[in-house]
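Enquirer: Pasting in a structure now, in structure tokens, and then I'll have a few things to ask.
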Amino acid sequence: MDNLLALVPRFAGAMLVTLEVSLIAAVLGVAGGFALNALRLRYARVLAAPYGLFVWLIRGMPYLSQLMIVYFGLPVFGITMTAVQATVVSLAIYASAYFAEIFRAAWASVPRGQLEAAQAFGVSRWAAFRAIELPQALAFAVPLLANQIILVIKESAVASIITVPELTMTASDIVASTYTYIGPYALLIVSYWLLTQAVSLLAQRATAMIPFLHTAANEAANKAT
Amino acid sequence: MNAPDLLARCASYLPQLLDGALTTLRLSAAAVFCGFFAGIFIYTMSASESRLLAGAARVYVSVFRGTPVLAQLLVMYYLPSALGLAVPGIVAAAIGLSMNTAAYQSQILGAGFRSIARGQIEAAVTFNLKRRQVLWHIEVPQVVRVTLPALVSEMIDIVKASAVVSVISVTDLMRVGQQLSSSTYRPLEVYTCAALFYLAITTLLSFAAHCYERRAASRA
């Protein structure tokens, strides 16, 4: 038990690394996904095919293979990154495809008739976007975004393979140097579980604060998280 | 680096990558198959009247969905060997992935079970069918029909998640990629080839699910 307590500070530090890497990647991924969806809506004719290709490629391949390409493959072109940089970059790109699809579904959930009605009343495109589409789409998206952020946190464990000193790497290090297994692995599972539960609780709070939330889609998504 | 050379080299990787892909496919199929039955078991636990069983099912699902597959696999592989019961990597991988997908499948199947009209089960009980007969002959066939697209997308997720079994020394597609990369010193093309193999598998699976959905829709 004493041994276990002695490990807690190291795990707390590693948890911060996991949180930092995955939250930076998630923020970049949300921004990227939002931008991708906005561009796809604005330039539908030109961008539909490249957008589809991007989403198909990213979602069809395991994150680990993408990380390997970025970390070990890109140096061939002279693009060299540290393990942490490669993780953040590849995780952000990976997540952006998923976030873009969430925003796409969110925008599709706003009935077209509302925009046509707004147009008929002379509401500008920007005002309609800000006051009609955005609030409803965000209300739809928030639970799904939270779910995706949890997936990003879990996916970040893969970074241990390229020696990013996050939770999984730290647990493996402790196991290798002390030959104790149960303590470090128990702490590893508990640490991840606490992180993902915290995000899911925060998301439920955030969801409760946004209006327009009592649609069937959101209730289904809440159940899923 | 000209194109014919590149193609010739990629072709030379094919046999080994194909071998790895077969391991990945077998492992994922075994995990999804076992996870299906385990998922039904967990769902029946969570739907039971016993609060203890229902609570245990909730904890199981929460832990497996709330932690990374990689962490689960490390535990499955190293913990038994620490307790004096060494398991080969492939067995640990199969058990770990099965237990992981069981948690997700219990949720997918649960939605299917809830979609069945209560009247059917009441009618079956009236006809003196046993609980087990009702489950396997009345509920499960309908549940599979309704949830098949979701189960296929779970299979896709497991194929992708299985890439991390390379860490517990299973020679799957990803591991073959790592071996080829360190023997050829051409990480970019090797990892890209491996990734394209994954893409082919996941695309075929999602195409199959798409066809099934269209057929089901045209029949309805």
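Only the coordinates and a few stated rules stand behind these numbers; no lab work does. These numbers were taken from a predicted model, which means no experiment stands behind them. A quick note on method: Cβ atoms are made from the backbone with ideal geometry, for glycine too, and the neighbour counts reach across all protein chains shown.
Enquirer: Quantify how strongly other chains surround peptide B:187-198 by giving the mean number of their Cβ atoms within 10 Å of each of its Cβ atoms.
Expert: That works out to 6 on average.
Enquirer: Also: Using the Kirkwood radius over Cα pairs, work out the Stokes-Einstein diffusion coefficient for chain A at 4 °C and 1.567 mPa s, in µm²/s as a whole number.
Expert: Stokes-Einstein gives a translational diffusion coefficient of 66 µm²/s.
Enquirer: How are the alpha carbon pair distances in segment A:133-202 distributed across 10 Å bins from zero to the largest one, expressed in percent?
Expert: With 10 Å bins starting at 0, P(r) equals 19, 38, 25, 12, 5, 1.
Enquirer: From the mean inverse distance of alpha carbon pairs (Kirkwood) and the Cα radius of gyration, derive Rg over Rh for segment B:19-219.
Expert: Radius of gyration over Kirkwood radius for segment B:19-219 works out to 1.05.
Enquirer: Please return the longest range in chain A lying between exposed loop sites, taking chymotrypsin sites (Phe, Trp or Tyr not before Pro), DSSP loop only, at most 10 other beta-carbon atoms within 10 Å, and leaving the sites out.
Expert: Working: sites that count: A:PHE121, A:TYR179.
The longest uninterrupted stretch comes out as A:1-120.
Enquirer: What does the highest-first list of B:31-39, B:96-104 look like by mean Cβ count within 10 Å?
Expert: Going from most to least packed, we get B:96-104, B:31-39.
Enquirer: Angle check, please: helix B:89-114 long axis (alpha carbons) against the longest principal axis of chain B (alpha carbons), in degrees 0 to 90, nearest 10.
Expert: Computed tilt is about 40 degrees.
Enquirer: Take the Cα atoms of segment A:29-69, build their convex hull, and give its volume per residue in Å³.
Expert: Details: hull volume 2.7 nm³, N = 41.
Cα-based convex hull of segment A:29-69, divided per residue, equals 66 Å³.
Enquirer: Any idea what diffusion coefficient the protein assembly as shown gets from Stokes-Einstein, in µm²/s, Kirkwood Rh on alpha carbon pairs, 4 °C, 1.567 mPa s?
Expert: 54 µm²/s
Enquirer: Still on this structure, please answer the following. Find the relative contact order for chain A and round it to a whole percent, using C-alpha pairs within less than 8 Å whose residues are 6+ positions apart.
Expert: For chain A, the relative contact order is 29 percent.
Enquirer: Nearest 10 degrees, 0 to 90: what angle lies between the long axis of helix A:182-209 and the longest principal axis of chain A (Cα atoms)?
Expert: The answer is roughly 20 degrees.
Enquirer: Relative to the longest principal Cα axis of chain A, at what angle does helix A:2-42 sit, 0 to 90 degrees, rounded to 10?
Expert: The angle comes out at about 20 degrees.
Enquirer: Go ahead and estimate [θ] at 222 nm for the protein assembly as shown from helices alone: -39,500 (n - 2.57) per DSSP H run with n ≥ 4, summed, over the residue count, rounded to 500.
Expert: -27000 deg cm²/dmol
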